[in-house]
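Trainee: Handing you a structure now.
A short reminder: the numbers here are calculations on the coordinates, not readings from a lab. The structure displayed is predicted, hence computed values, not measured ones. Cβ sites come from the backbone with ideal geometry, for glycine too, and all protein chains shown count toward neighbours.
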Amino acid sequence: MGQPVERTSGAEAESELPPGQRLQRGWPVMHYGPVPRFRPERWEFKVFGATADGGERTWKHEEFTALPYATVVADMHCVTKFSMRGAEWGGIPARSFLDLVPPAPDVTHVMVWAEYGFSANLRLSDFASDAAVFATHKDGELLTAEHGFPVRLVVPHLYAWKGPKWVRGVEYMTADRRGFWEERGYHNIGDPWKEQRYSYQEVLGDGPGLPGL
């Protein structure tokens, strides 16, 4: 599952964190609501919406886990102000699905859907990032149910709420639409280096529903 990761520690690590963040030595379990029960015979992952051919595609769990696997070493930054450095995330690169199910030319955003109707909207460019991965493993070990098993999205350059746990599908969109936490006061983009935590910080162009949009 990849080579051991050399981690930076101490004051140097702290200095490389986004503004307002603190270094976290473990991985806290944070989510809203219960942990869903995984039923492999019922589980499927779907890509739908504004696809290039107007159709959709679905993978059963065995088919999904058979897709080409890659690893990404990247940090995780939570909006609650903790940062976890140098984790190895293993899974299916998000951009793989853009090849498997091409979006229509006018697609600008995606909505990533998870269990219980949770969702997160992303710009297409963020979704297509080299580091964005539908993770099934962390540091060579399967994710636990509390951390999102069987799959969670990891988008390291954005706050962690932009990577939902227990993902079930991706919707291609030709216009932006706010996801679950974005509708509840979190920033529409969520860049930790710009400390984009809350919707009141948004300016024109950051998201739908602002004056002038």
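Trainee: If you add up the charges near ALA94, with Lys and Arg at +1 and Asp and Glu at -1, over every other residue whose beta carbon is less than 10 angstrom from its beta carbon, what do you get?
Mentor: With Lys, Arg at +1 and Asp, Glu at -1, the neighbours total -1.
Trainee: Using Cβ contacts closer than 10 Å as the measure, can you line up HIS147, HIS77 from fewest to most?
Mentor: So the residues, fewest neighbours to most, are HIS147, HIS77.
Trainee: Counting alpha carbon pairs within less than 8 Å and at least 6 residues apart, what relative contact order, in whole percent, applies to the chain?
Mentor: So the answer I get is 22 percent.
Trainee: Between LEU142 and ARG25, what FRET efficiency follows from the Cβ-Cβ distance if R0 is 22 Å, with the result rounded to 0.05?
Mentor: The value I calculate is 0.55.
Trainee: Using a cut-off of 13 Å between beta-carbons, work out the net charge of the residues near GLN201 (Lys and Arg +1, Asp and Glu -1, GLN201 not included).
Mentor: Result for the neighbourhood of GLN201: -3.
Trainee: Continuing with this model, one more query. With r as the distance between the Cβ atoms of VAL203 and VAL35 and R0 = 25 Å, compute the FRET efficiency 1/(1 + (r/R0)^6) and round to 0.05.
Mentor: Once the sixth-power term is evaluated, E becomes 0.10.
Trainee: Tell me which lysines have Cα within less than 16 Å of LYS46's Cα, excluding those fewer than 8 residues away on the same chain?
Mentor: In chain and number order, the partners are LYS60, LYS165.
Trainee: So, counting K/R as plus one and D/E as minus one, what does the shell of residues with Cβ under 15 Å around TYR116 add up to?
Mentor: Net of charged neighbours comes to +4.
Trainee: In deg cm²/dmol and to the nearest 500, what is the mean residue ellipticity at 222 nm of the chain if only DSSP H runs of at least 4 residues count, each as -39500 (n - 2.57), divided by the residue total?
Mentor: My calculation for the chain gives -2000 deg cm²/dmol from helical runs alone.
Trainee: Using a Förster distance of 22 angstrom, determine the FRET efficiency expected from the C-beta separation of ASP99 and PHE48, and round it to 0.05.
Mentor: After rounding to 0.05, the efficiency reads 0.85.
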